[in-house]
1. Out of Thr194, Thr149, I need the residue that is open to solvent by less than 50 Å² (accessible area, probe 1.4 Å), in a helix (DSSP H, G or I) and more than 14 Å from Phe12 (Cβ to Cβ). Which one?
2. Based on what the data block shows, is Asn155 closer than 23 Å to Val93 by Cβ, open to solvent by 70 Å² or more (accessible area, probe 1.4 Å) and not aliphatic (A, V, I, L, M)?
3. Return only the number of the condition from (1) open to solvent by 60 Å² or more (accessible area, probe 1.4 Å); (2) of a type in the set (Val, Ile, Thr); (3) in contact (Cβ under 8 Å) with a residue 24 or more places away in the chain that Val142 does not satisfy.
4. Filter region 88-97 down to residues that are within 16 Å of Leu69 (Cα to Cα) and either without any contact (Cβ under 8 Å) to a residue 12 or more places away in the chain or among the hydrophobic types (A, V, I, L, M, F, W, C) (or both), then give me how many there are.
5. Would you be able to tell me the number of residues in region 160-191 that are assigned to a helix (DSSP H, G or I), open to solvent by less than 40 Å² (accessible area, probe 1.4 Å) and touching a residue at least 60 places away in the same chain (Cβ under 8 Å)?
6. List every residue pair whose Cβ atoms lie under 6 Å apart, where the two residues are 6 or more positions apart in sequence or sit on different chains, the first residue falls within region 38-64 and is within 19 Å of Leu122 (Cα to Cα), and the second residue, located anywhere, is of a type outside the set (A, V, I, L, M, F, W, C) and part of a helix (DSSP H, G or I).
7. When you scan region 37-75, how many residues do you find that are under 17 Å from the mean Cα position of the chain (by Cα) and either of a type in the set (Gly, Ala, Ser) or exposed (fewer than 15 other Cβ atoms within 10 Å of the Cβ) (or both)?
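The values are calculated or read from the model by the stated rules, or taken from the named source; none is laboratory data. Note that the coordinates shown come from a computational prediction; the quantities given were computed from them, not determined experimentally. Every residue, glycine as well, gets a Cβ built from its backbone with ideal geometry; the counts of neighbours run over all protein chains shown. When the accessible area is computed, the model is the full protein with side chains, heavy atoms only, and any ligands, DNA or RNA have been set aside. Shrake-Rupley method; radii C 1.70, N 1.55, O 1.52, S 1.80 Å.
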Amino acid sequence: MQPLPRRLSTDFLILSAAGGAADAAGFFGLDHVFTSNMTGNVVLFGLALGQTKWTEAFEAFEVIAFFMLGAFIGAWLAKKIDRHDWPRLVRRVLLPQIVLMTLFSVACMWEHWEVEHLASLLAVAMGLQASAINRAKMPGVVTTAVTGTITTMSNGLMEFFMKVPGAPHGQQIAFQFGAVCCFCLGALGSGLLTLYYATWVGWFPTVLIALVILRNLNNEPEKRD
């Protein structure tokens with residue numbers, strides 16, 4: 001297997017940190033819902049239904065629905081873009097995301113903005129990011145959640161150490177491990193901001209996503225499998 005493109009790998013690591021940061025911002029600052037990890041919200045939705053907590057169930061369902069809306073829009077924006085053309089995907093899908101993230105960040109600083117509006121806004125933004133990642137199809141990494149990444153990494157480690165034919169190379173496994181670590185670091189950063197500078201929590205994932213956009217404004221696609 002060919003080595004992973006360096007610029008693309010770096011962008012995915014940055015977006016993984018943004019995904020963790022957005023999830024933590026939603027959980028700690030927006031009434032304990034996840035805004036990028038929909039697995040958690042499905043569990044919260046089912047749990048709330050089982051406990052007849054209708055308000056909490058609606059909040060979880062609302063975030064899931066808005067994430068789906070963002071993913072739908074992102075898929076539509078990316079439908080005619082070659083999956084190898086990552087810079088164009090970024091410009092087409094992540095530019096709308098950064099607009100929503102900026103609105104979210106500004107709203108976090110406005111004390112009178114209602115929580116449910118912030119959660120929905122951030123969920124749409126993360127749905128857009130998920131669509132761009134899904135279209136790019138990097139091996140074993142989804143930047144809005146890490147369950148699949150951890151599973152793929154674990155399977156790859158087994159194949160690598162057992163010398164299974166066609167096993168992923170060490171760089172790919174290290175990349176997947178790095179994505180998990182970046183997701184955790186993003187959550188850590190948002191946690192610290194929520195603790196000490198809560199009104200600034202939205203800017204952390206926003207700046208990370210903006211960095212990825214700036215890195216791809218005038219770039220051409222890199223060769224990859």
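1. Result: Thr194 is the single residue among Thr194, Thr149 that is open to solvent by less than 50 Å² (accessible area, probe 1.4 Å), in a helix (DSSP H, G or I) and more than 14 Å from Phe12 (Cβ to Cβ).
2. When the stated conditions are applied, Asn155 does not pass them.
3. (3)
4. 2
5. 12
6. Ala60/Asn41; Val63/Asn41; Ile64/Asn41
7. Result for region 37-75: 9.
Every residue, every condition in (1) part of a helix (DSSP H, G or I); (2) among the aliphatic types (A, V, I, L, M), yes or no:
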residue	(1), (2)
Val33	no, yes
Leu47	yes, yes
Val63	yes, yes
Phe72	yes, no
Leu100	yes, yes
Phe104	yes, no
His117	yes, no
Asn134	yes, no
